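First up is the structure itself, then whatever we jot down about it.
The values are calculated or read from the model by the stated rules, or taken from the named source; none is laboratory data. Everything numeric here is computed off the predicted structure, so don't read it as measured data. So basically every Cβ, Gly included, is an ideal-geometry build from the backbone, and we count neighbours across all protein chains shown. When the accessible area is computed, the model is the full protein with side chains, heavy atoms only, and any ligands, DNA or RNA have been set aside. Shrake-Rupley method; radii C 1.70, N 1.55, O 1.52, S 1.80 Å.
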Amino acid sequence: MEQLDQIVPLLAATIRVAVPLILAGIAGLFSERSGVVDVGLEGKMLAGAFAAAAVASITGSVWLGLLAAIGVAGVLGILHGFVCITQRGDQVVSGVAVNILISGLTMTLGLAWFEQGGQTPPLPASARFGVVVLPFSETIGQIPGIGRFYTEVLGGQNILVYPTFALVPLAWWVLGSTRFGLRIRAVGESPAAVDTAGISVVRLRYAAVLIAGALCGVAGAYISTAQGAGFVRDMTGGRGFLALAALVLGKWRPWPTLFGCLLFAALDAVAIRLQGVVLPGIGAVPVEFVQTIPYIMTIILLAGFVGRAIPPKASGLPYVKDR
Amino acid sequence: MVASPARQRDATAPAVELRGIDKRFGTVHANRSVDLVVQRGHIHGLIGENGAGKSTLMSILYGFYTADSGDILVGGKEVRIAESRDAIAAGIEMVHQHFMLVDPMTVLENVILGVEGGALLRRHVPKAREELRRISAEYGLNVDPDAVVGDLPVGAQQRVEILKALYRGAEILILDEPTGVLTPQEATDLFRVLAALRAQGKTVILVTHKLREIMAITDRVSVMRAGQMVGHRDTADTSREELGELMIGRKLATRLDKAPANIGAVALEVRGLSVRDIQGVQRVKDVSFAVRAGEIVGIAGVSGNGQTELMEALAGMRRLEAGSVTVGGATVSAEHPAFADRLRKLGMAHVPEDRLRTGLVPAFAARESAILGYQDDPMYSRGPLLDWPGIDRHTQGLMEKYEVKPPISRLRGALFSGGNQQKLIMAREMERDPTVLLVGQPTRGVDIGGIDFIHRRLIAMRDRGKAILLVSVELDEILRLSDRILVMFDGRLVGELLPENADERQLGLLMAGAA
């Protein structure tokens, strides 16, 4: 029973932390499978977080907030697309620019609109996404062992958690079983083949970056209006880069990417619980060290434990008909 | 002529007619008012030197580029082809020189790309598979629909490209230099397929610079030179000589006068050499041979059978895994490696096969590329600085002697044509007077006039008693230049022949690993 007391909150926390990683990871997956490298996941998420919190605080509607987040991040996706696809600019530079721009812009707009040091006003529960209580929680919750798992891990999660986990099989199905997916996979590997097959490379890639933007928007809304209760400066805290790492770890495929996201989330959940714990022979673990564990693990995993991660062949390369 | 389907349909309009096609790329006038008529059910050859404008013309017909002016008629009706989609709709498909395939996807996925039949694949894939099987059987194009394209040999990839075209309902099929990557046997198979297409009433346009192919398979041939159409002939009424003359605008010296080789001592000796590529795959396997002073040893083989890695290892660009290389009295091995700079001092010079990546720096001026690799030589410097006036004079000298055009030493390397870039690299390496010269694909992408010049230079060098190792995928070149021919297959030397005893069939079998 005591072990269960440890494990259930850990699993629940893992799922909570994993949600924005999964959303951003699948966002990056669509973008990069189409051949557009996206290091701007972080910035788009942050913009989404700000838009969601700002709109929810003004209108009182969390759904309008979500819509605004999708819209704003989608526009940023299109902007990234304009630089990378239409203007054939450097994709990494464009992504970094988005990150820097949004980090500054959210602060500036926050200060101007809300005058609370760059934050949005704290949101009341009515302007946040609520928790889902599964049916029969009362009765099943009584069962020892399974009961707590049912009420705290499967249930008791935020309403955005469920569609997020459904997104992974959906992405897998879209890529593998639909015409759109086939074309996305093709354009990331060989845009010339797509072009000569009479399909527009440009339209496909714009579609992909738009999807990426929208999903980042949802991730941002989750961070500021489900997990948190308002926008705080740079509140995405590097999750966009962790999602990117999970994407590489998952070799640009949906299920392994989900695995990568869950792994990083679990490490994060463990890290939080390790804070202040006294280990025999070492003493109290410094908080700073514990917080770096996910990043150290990322480097170790990417440095060799997953084998060679080969990105889509055309990713990062603007499509130019050469002569 | 026998009554082929082509004859029966002669009454109808030509399959394709191009009128006054004009296209410029910046200052380059790639197509000047070009006319072309291709009859239905014909295999029509389009021939010309590299850079004559053939590929541009075909890319315009396929909608990859748009013409500045001119009309395209398909089946007698004028059509506007602004993008590939329009060409596909008009029944035109193209098999590009560099395949337009998605390597990690299956044959079936590649074939249906763009014509999937609906938003959900599952509903249409079984039908597509059936159709693919039918087309495969009809034209003798054998490929496993579920094989991953990247795992297939080149010949099979080309069959996938043709299948793709036929699946889309192509009536007119353009093939751009289709045999460049094939063994002679694979090329024969391809021609069989083309004949089957003709028998079914399809129209084929074959773009090539190989006269032999034109004579072997086409019904009619059009010749381009310097962006213009210079002649149309019925294949039965013309000859290689006439076509060659039309292509280059003057008489072609077909035979190379070559004195018998005056063979001296061993200048380069390779013993038990094995080499791995970047991925760690062993590409050269226990290879031994020697090159003597005064002879040209040609290594024949289908590209990708270890020739590249062999040359890189000999030139000091790649580590030896096992074995040794002896040159200029020194022996190089895995334990005693030598880099390119040391090998150069031992009398080895290298004309690399990839001239734009390894041979010169495209962004450098000709005078910089002309001393590349020898830039530390005191003759090019004055104190700690480079002696630019001297280097300019040296470059001008090289350019004159090797007929590099334009002879401007400050022009960027990328702005010279392929042939002139190659001549500049040849000049740099050959004028160092090495004892051993390694030459990889010396005439790839070089026009016929340039080929002739380069060949003569190589022969002259051999006659001066130098040892030359030549790697080429062009059989004609190997047969023309070599005093001895070694055949490489799958990293091993699988045969040695004398050119006077070698016929193409035998060489082809060796190159395919079938002998």
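Filtering segment A:314-323 down to residues that are at pLDDT 80 or above and within 14 Å of chain B (Cβ to nearest Cβ), which residue is least open to solvent (accessible area, probe 1.4 Å)?
A:ALA314
Out of the residues in segment A:152-171 that are buried (at least 18 other Cβ atoms within 10 Å of the Cβ) and within 19 Å of the chain's Cα centre (by Cα), state the one that is nearest to the other protein chains (Cβ to nearest Cβ).
The qualifying residue nearest to the other protein chains (Cβ to nearest Cβ) is A:ALA171.
Which of the helices (runs of 4 or more DSSP H) found entirely inside segment A:1-90 contain at least 3 residues meeting this: open to solvent by less than 50 Å² (accessible area, probe 1.4 Å), out of contact with any Cys (no Cβ under 9 Å at 6 or more places or on another chain) and modelled with pLDDT under 95?
Per the criteria, A:2-33.
Which ranges mark the helices (runs of 4 or more DSSP H) fully within segment B:345-436 that have 1 or more residues being in contact with a strand residue (DSSP E or B) (Cβ under 6 Å, 6 or more places away or on another chain) and in contact (Cβ under 8 Å) with a residue 12 or more places away in the chain?
Answer list for segment B:345-436: B:418-430.
What tally of residues in segment B:91-107 results from selecting those that are farther than 16 Å from B:LEU61 by Cβ and more than 7 Å from every other protein chain (Cβ to nearest Cβ)?
4
Considering only residues that are open to solvent by less than 50 Å² (accessible area, probe 1.4 Å) and not in a loop (DSSP other than H, G, I, E, B), look in segment B:110-123 and name the one that is farthest from the other protein chains (Cβ to nearest Cβ). Give the derivation first.
Let us first name the residues in segment B:110-123 that are open to solvent by less than 50 Å² (accessible area, probe 1.4 Å), namely B:110-114, B:116, B:118, B:121.
Right, trim to not in a loop (DSSP other than H, G, I, E, B) and you get B:110-112, B:121.
Values: B:ASN110: 8, B:VAL111: 10, B:ILE112: 8, B:LEU121: 5 Å.
Ranking the candidates gives B:VAL111 first.
Which of the following residues is surrounded by fewer than 16 Cβ atoms within 10 Å (Cβ to Cβ) and not in a loop (DSSP other than H, G, I, E, B): B:GLU269, B:GLU309?
Working: B:GLU309 fails: surrounded by fewer than 16 Cβ atoms within 10 Å (Cβ to Cβ).
Sole residue among the options that is surrounded by fewer than 16 Cβ atoms within 10 Å (Cβ to Cβ) and not in a loop (DSSP other than H, G, I, E, B): B:GLU269.
Report the residue count in segment A:172-183 for those that are in contact (Cβ under 8 Å) with a residue 24 or more places away in the chain, more than 8 Å from chain B (Cβ to nearest Cβ) and within 18 Å of B:HIS124 (Cα to Cα). If you could, list the steps in order and put the result at the bottom.
Looking only at segment A:172-183, we keep the residues that are in contact (Cβ under 8 Å) with a residue 24 or more places away in the chain, and these are A:172, A:175, A:180.
Pick out the ones that are also more than 8 Å from chain B (Cβ to nearest Cβ) and you get A:172, A:175.
With the extra rule that they be within 18 Å of B:HIS124 (Cα to Cα), the set shrinks to A:175.
Total meeting the criteria: 1.
Can you go through A:ALA12, A:ALA47 and tell me which one is touching a residue at least 12 places away in the same chain (Cβ under 8 Å) and closer than 30 Å to A:GLY117 by Cβ? Step through it out loud before you land on a result.
Working: A:ALA12 fails: closer than 30 Å to A:GLY117 by Cβ.
On inspection, the qualifying residue turns out to be A:ALA47.
Restricting the search to segment B:334-344, which residues are outside any helix (DSSP H, G or I) and crowded, with 17+ Cβ neighbours inside 10 Å?
First, the residues of segment B:334-344 that are outside any helix (DSSP H, G or I): B:334-339.
Correct list: B:ALA338 only.
Are there any pairs, at least 6 apart or on different chains, whose C-beta atoms fall under 6 Å, with the first in segment B:129-155 and aromatic (Phe, Trp, Tyr) and the second part of a helix (DSSP H, G or I), and if so, which?
Between residues of segment B:129-155 that are aromatic (Phe, Trp, Tyr) and residues that are part of a helix (DSSP H, G or I), the close pairs are B:TYR139/B:VAL193; B:TYR139/B:ALA196.
Regarding B:GLY316, is this residue open to solvent by less than 30 Å² (accessible area, probe 1.4 Å), over 25 Å from B:GLY48 (Cα atoms) and assigned to a loop (DSSP other than H, G, I, E, B)?
Numbers: open to solvent by less than 30 Å² (accessible area, probe 1.4 Å): yes; over 25 Å from B:GLY48 (Cα atoms): yes; assigned to a loop (DSSP other than H, G, I, E, B): yes.
Taking the combined requirement at face value, the residue satisfies it.
Could you please find all residues in segment A:273-313 being in contact (Cβ under 8 Å) with a residue 60 or more places away in the chain, open to solvent by 90 Å² or more (accessible area, probe 1.4 Å) and either of a type in the set (A, V, I, L, M) or in contact with a Phe, Trp or Tyr (Cβ under 8 Å, 6 or more places away or on another chain) (or both)?
none
Out of the residues in segment B:372-431 that are closer than 24 Å to B:ARG342 by Cα and polar (S, T, N, Q), which is most open to solvent (accessible area, probe 1.4 Å)?
Selected residue: B:GLN375.
Could you tell me which of the residues B:SER303, B:SER288 is out of contact with any strand residue (DSSP E or B) (no Cβ under 8 Å at 6 or more places or on another chain), among the small types (Gly, Ala, Ser) and open to solvent by 20 Å² or more (accessible area, probe 1.4 Å)?
When all the criteria are applied, what remains is B:SER303.
Can you pull out every residue in segment B:406-435 that is out of contact with any Asp or Glu (no Cβ under 9 Å at 6 or more places or on another chain) and hydroxyl-bearing (Ser, Thr, Tyr)?
Within segment B:406-435, B:THR435 is the sole residue that qualifies.
Of the residues in segment B:236-253, how many are open to solvent by less than 10 Å² (accessible area, probe 1.4 Å) and under 29 Å from B:TYR139 (Cβ atoms)?
The number of residues fulfilling the criteria is 1.
(1) open to solvent by 10 Å² or more (accessible area, probe 1.4 Å); (2) under 30 Å from the mean Cα position of the chain (by Cα); (3) more than 18 Å from B:LEU190 (Cα to Cα): which one isn't true of B:LYS127, the others all being true?
(2)
Looking at segment B:292-318, I want the residues that are closer than 23 Å to B:GLY264 by Cα and of a type in the set (D, E, K, R) and have a partner that is open to solvent by less than 20 Å² (accessible area, probe 1.4 Å) and outside any loop (DSSP other than H, G, I, E, B) with Cβ atoms under 7 Å, at least 6 apart or on another chain. Which pairs are those?
B:ARG292/B:ALA467; B:GLU295/B:ARG462; B:GLU295/B:ALA467
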